[in-house]
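Nothing in this text is a laboratory measurement; each read-out follows from the coordinates by a stated rule. Worth saying up front: this structure is predicted, and the values here are computed from it rather than measured. Reconstructed Cβ throughout: ideal geometry from the backbone, glycine too, with neighbour counts over all protein chains shown.
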Amino acid sequence: MTKFIAILIGLGALANSAIAMGERAVEVDANGDGVMTVDEVQAVYPDITAEVFAEVDTNNDGVLDDDEMIMGLEKGLVPSPSDG
């Protein structure tokens with residue numbers, strides 16, 4: 001039972017992170033086109049290098065979508081919204 005509760009708490013925290021990152025992504029996506037360029041990301045997170053951006057860009061299309069930003073957050077490559 002304790003493991004089940006821990007899993008539920010973890011899933012709740014993950015969902016909250018995803019919601020927060022989704023809200024933050026709107027702020028990062030300066031032109032509102034639904035994706036974030038390296039320039040848009042660096043305007044909000046100046047410490048993110050082109051190399052880190054490329055690592056977060058898992059489909060290698062040169063831009064980040066919300067899912068990639070969330071994965072970057074989960075991996076610690078992108079600062080949490082409260083940090084930025």
Virtual spin-label span in nm between T49 and D67, 7 Å along Cα→Cβ: 2.8 nm
L73, L64 arranged by Cβ crowding within 10 Å, fewest neighbours leading: L73, L64
Footprinting exposure proxy for M36, M71 (fewest neighbouring C-beta atoms within 10 Å first): M71, M36
Contour excess over end-to-end distance, with Cα ends at K75 and N31 and 0.36 nm allotted per residue: 13.2 nm
Residues with amide H under 5 Å from that of D57, placed H, sequence gap 5 or more: none
